[in-house]
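Quick notes on the structure that follows.
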Amino acid sequence: MSMESTSPPELTELIRGSLIPALPDDLAVHCIALLPRAAHPALALVSRAFHSLLCRHPEPLLAARRRLRLSDSHILLSLRPSSSTSLLFFLLLPHPGWPPLPLPSPPIPVSSSSSVAADGSRLFLIGGSVDGVPAASVQILDLRTRSWSVGPRLSSPREFAAAVVQSGVLFVAGGCVPSSPFWAEALDLSSPSAKWHTIASPVHLREKWMHGWASLDGKVLGVADRGGLAYDPAAPAERAWTPVSLVLDMGWKGRAAVIGGILYSYDYLGQVKGYDPDTDSWSTVEGLEKELPRFLSGATLANVGGLLYLVWEGKWKGKGKRDRQSSSMVVIDWAGIEITRVQEGRLRGKVVCRDSVVFPDVPRGSAIAHCIALELEAELYKTMLLAAVQDTLGILEAG
């Protein structure tokens, strides 16, 4: 029996060359595979063939991405149970319908006062407290192997520090004793034997406690309790630290994500807003009023493949009262938003995907401690998830 007679109609349509008329389909799929995932929602509207490839039968596209060794952004979440200081780590594929993948716990069980930064498929868990005492530990999770390692210790113990990876360098500031000469330091991630080196910082800055941080326009930005800061690694030491614009400082609530040179946060009315450093102004992201709740608290943001993802603690949607089983699970909601610039610099958002994810065996009342995007091959995620399911089944059978 021929392949054509057994293939779905949509896949047969692809084989006949209906994607890009001037190109054979195999070359067209190769070209599409090179595009960021943020472009997929718009591409799916081009034609039935594009919709089939991107939404219904993505196997040729996934195979092309595997050949190109391209990665997709995934969401890493850590949840803090109300009855414990230890964090639980999970990985989410940001497509509806996929369950969370449990990740191993770090060797040092630090609290939610730790900070996180991402470099490709690696997560850096920085500082935090152990039994109420600030830690100087740096723990590294490599998603490719689902394993933790211990990195070079910080020069000073830290809690709630600012942490950002920029141009292959991990920057850390604040969260330690203000008089510490190591208030800010950096680690070159390109060298496996690199050690932390101190970044000179004015004494009067060290009284600040950081609430949020991001990399924008070549600078490391931090919002603090008494005025935000900007650090420019390329500037001379005497001019490297400057205050952020008053407009940025007043509008930045703390949790933020940067996409396309715009910093996104949400204001005290729960509206998602974007800050443009070129115009030093905030703009409300329009079009989300009826699709999303107002994030007065408890939501976090991440840049996932060029889409703005909002992640928040959801509510149980089962029928009737919560039973004993549902009291030992947590619901996390997320939405992926495509944002475009319209007339006069305005920002308009469109929810292109949304889902509710149930985390079984996680105590009710657990809260989101960290949310950050990391890179991982999509097929590797599926392999990891299958292995996790098989491990769970093996444990159940043994019991």
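The values are calculated or read from the model by the stated rules, or taken from the named source; none is laboratory data. Keep in mind that this is a model prediction, so the values were computed, not measured. Every residue, glycine among them, receives a Cβ derived from its backbone with ideal geometry; neighbour counts consider all protein chains shown. Just so you know, the surface numbers come from the protein's heavy atoms only, side chains and all, with ligands and any DNA or RNA stripped out. Shrake-Rupley method; radii C 1.70, N 1.55, O 1.52, S 1.80 Å.
Odds and ends about this structure:
- Residue among Ala186, Ala161, Ala194 that alone is open to solvent by less than 10 Å² (accessible area, probe 1.4 Å) and either farther than 20 Å from Ile108 by Cα or in contact with a Lys or Arg (Cβ under 8 Å, 6 or more places away or on another chain) (or both): Ala186
- Conditions (1) modelled with pLDDT under 85; (2) within 27 Å of Ala299 (Cβ to Cβ); (3) among the hydrophobic types (A, V, I, L, M, F, W, C); (4) loosely packed, with under 14 Cβ neighbours inside 10 Å: number failed by Ala367: (1)
- Set Leu310, Leu288: member being open to solvent by less than 10 Å² (accessible area, probe 1.4 Å) and more than 20 Å from Val165 (Cβ to Cβ): Leu310
- Flag for Ser193 being in the same structural domain as Ser265 (by the TED database) and under 21 Å from Trp241 (Cα atoms): no
- Selection status of Val223, among the β-branched types (Val, Ile, Thr) and at pLDDT below 90: yes
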